[in-house]
Amino acid sequence: MFIKFLLFSFLCTFVTSHPNSYCSGYCSANTYCAPSSCRRSGSFRCTCNSCPSGKTSPQGAWDASQCISCNKGTYYVNNACKQCPVGKYQPYIGQEECKSCPCGQYSGAGASTCTSCKIGSYSSAGSTTCNMCIAGKYARNTGSCSCTDCPAGTYSTQGSSACIPCKAGTYQPKTGQPNCLQCSVGKYSNPSADTCIPCQEGLYQPVTGQSICSACYPGSFASGTGNYKCSKCPIGSSSSDYGQGGCGACEAGKYATSGSNMCSICSSGKYSTRGAESCVSCSVGKYQDKTGQSGCISCSSGKYTSKPGSTVCIECSNGSFQASTGENKCNLCNVGTYSSVGYSACVMCPIGKYNSEYGSSVCTDCPSGKYSYHMGELNCTNCDVGKYASGNGNTVCTKCPSGKFNDIIGNDKCGICDPGTYSNTGALSCSSCPGGKYQGSSQSSSCMNCPVGKYSLINHPNVVCIVCPGGMYQDKVGSDECIKCEPNYYSNPGSTSCLSCPIGKYSDEGWDKCNDVPTGQPTSSPTSIPSARPTSIPSARPTSIPSAHPTSIPSAHPTSQPSAHPTSQPSAHPTSQPTSSPTELVVNDMLLSSSFEDLIETGGILFYIVGVLMAVSCLFGCCFYCYSKKKKDREEPYEKWMKNYETSQPTNSTHSPLNFQDIYHQRDNLSQPPPPPPPPPPSDYAKSTNAEKMPSTFDNAEDMDVSDMYTNQNTNIEHINNPLHDEM
């Protein structure tokens, strides 16, 4: 055991350390490195020797053991193994030539053995296939080199393994014949006969190929041998005794001419009655396929005969039929039906098919986009809108699935709904997502609700929902509009609720931010409410806004008037003007703090006269200003706030004048606040700030005119209005 292990280890070491193994891949195919010829010269090289005859090797062989012998069925030629050609074989490996198959055998390409020919066939040496024995010869065994002639009295067909004996009434006097011969009239034969035997005296044979001779009926005779007839009996009769006179009437299906020794049988296609001299041909529509018959048979339905004496009926051709028996023609199938050979009735086209022609053998499949629901259709029906039919042979149309539509009759497919639309099954068209819903995908069966903070339009293919703009909100899903924020509330874009303005700020309905309350306005509620509105408006525009609410109201009218007008005016006009001046506000406060009776008692008549004059002057000045500046007839947010403040008349109210409760109740009558006016031109603004200052009442940082208030509000100014609801 130890010695075997040492030998195995030595063999492994030899193989892995074979010096030629370094030259692996150097030699070409069918060569190998000569022993101990591997050398290194830059790369490993060796002397390449050709493989021994009958062997080949792959490219890079480095040892003679890698030369492999050619397989069975192949041979070595031109340094390669090739398949043995057809008709040859090679049962051994490593051979330089193939052997030819012996006779009685054959082979295909690359054969290692030859195959024996089957019985009834033969082959010569080196054959690629076996040949069948010709008619008249046979091969009884497998592997036959030739075929044998059939002996006399027999015959054979092509590829026979044995000869067939001639039937009685036939004979064959020669060998190697493909068929047998019929015996002539007056003769007969037995099976396997090589010659025919003449009829004996008193017998006869008028028909060829018979196995016996017939005896003459009484009333007829026959002399000698090989007779084919007897003396005639009268027509339609025959003798009843052999060799005797006197003839009886022939039975039905037979006939006899004068001097007959027997009654002849009527052939197929004919018939006869008793005592007939001849047979009668079958009329059209009838046939007779047997001999010796007394009548003919009517053709069954689906068949006909058009010629007299027919032995068989003809089947109706494709596209025709015959429902009756004994007819001489077939009828064409009507439209919507078809038939095949021998049909007694036409078949209605199945559902999904149609036929619009007479005499058709097939029905046509309904094309795509059409269908037939009933059998026997002349044509197919177009699919209605909302349905389709793909492929051929449709029995019904399929409703378009949800997310698709079809508005064309006879269509083979449905269209896909675009994003923003949807459809149910069987839709004629796609519907736009209703307000408050959207659909971002195509081929959809429904739309999705817009989330809170968003909305979508009505009667519009909404692909996405629109974010509620600033100043509006929506706290419900599936909404088709956003809700304006109430006064003193604001919201950012996409809000689900509005936020309350901080203390000291205000907003109108639908604002997206809160503005500072003007510093020149009252910060607390007046202690009393005037009983009537003032009858006049100040005649001139004030040049400043009070910095604070007055702490008291005069108890009586002033005793004197200003002696002169202000000595200076602002260098530039503000870009927007308030609708009510601060002076008017002071007067209004005075009016609000005093009753009409108090004013009368304290000389208020003079005050009202002055107020009327001021109002007329102010009206004239405003008209002139509007004409010169072409001011748009639109209130500014501050003017609207002041106007609402001046026109509100709370009763027994303890709320601040800045409370927008009354405005909120009248929100449906208020228009959306317009955008603020643009800032003043740079040149005018420079003049008002650098060249000439305002009066001393503006020295305080808290004092500003109306234009200053608007020009400082330059952040998010475009969001003051809600552009979506300008039409409201």
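Brief remarks on what is shown
- Among residues of the stretch 256-268 that are at pLDDT below 90, those with a beta-carbon under 7 Å from a residue that is of a type in the set (D, E, K, R) at least six positions away or on a different chain give the pairs T257/K232; T257/E277; S258/K232; G259/K232; S260/K232; C263/E251; C263/K254; S264/K254.
- Qualifying residues in the stretch 74-116 (those that are free of Cβ contacts under 8 Å to residues at least 40 places away in the same chain and among the β-branched types (V, I, T)) - the one nearest to N131 (Cα to Cα): T115
- Among residues of the stretch 500-517, those that are in contact with a Phe, Trp or Tyr (Cβ under 6 Å, 6 or more places away or on another chain) and of a type in the set (A, V, I, L, M), counted: 1
- Some residue of the stretch 132-155 being among the hydrophobic types (A, V, I, L, M, F, W, C), under 59 Å from the mean Cα position of the chain (by Cα) and farther than 30 Å from I197 by Cα: yes
- Residue check, Y92 surrounded by fewer than 16 Cβ atoms within 10 Å (Cβ to Cβ), of a type in the set (F, W, Y) and over 60 Å from the mean Cα position of the chain (by Cα): yes
- Within the stretch 338-350, tally of residues that are touching a strand residue (DSSP E or B) at 6+ places or on another chain (Cβ under 8 Å) and surrounded by fewer than 22 Cβ atoms within 10 Å (Cβ to Cβ): 6
- Output for the stretch 38-52, where each listed residue is modelled with pLDDT under 75 and part of a loop (DSSP other than H, G, I, E, B): G42
- Filter result (in contact (Cβ under 8 Å) with a residue 40 or more places away in the chain and either assigned to a loop (DSSP other than H, G, I, E, B) or at positive phi (or both)) within the stretch 269-283: G269, E277
- Sole exception among (1) free of Cβ contacts under 8 Å to residues at least 40 places away in the same chain; (2) more than 30 Å from T381 (Cα to Cα) for D407, by number: (2)
Residue-by-condition table, conditions (1) crowded, with 16+ Cβ neighbours inside 10 Å; (2) touching a strand residue (DSSP E or B) at 6+ places or on another chain (Cβ under 6 Å); (3) basic (K, R); (4) more than 30 Å from S107 (Cβ to Cβ):
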| residue | (1), (2), (3), (4) |
| --- | --- |
| S41 | no, no, no, yes |
| G54 | yes, yes, no, no |
| A64 | yes, yes, no, yes |
| C67 | yes, yes, no, no |
| T74 | yes, yes, no, no |
| C81 | yes, yes, no, no |
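The values are calculated or read from the model by the stated rules, or taken from the named source; none is laboratory data. Everything numeric in this text was worked out from a predicted model, so none of it was measured. No Cβ is skipped: glycine too gets one built from the backbone with ideal geometry, and neighbour counts run over all protein chains shown.
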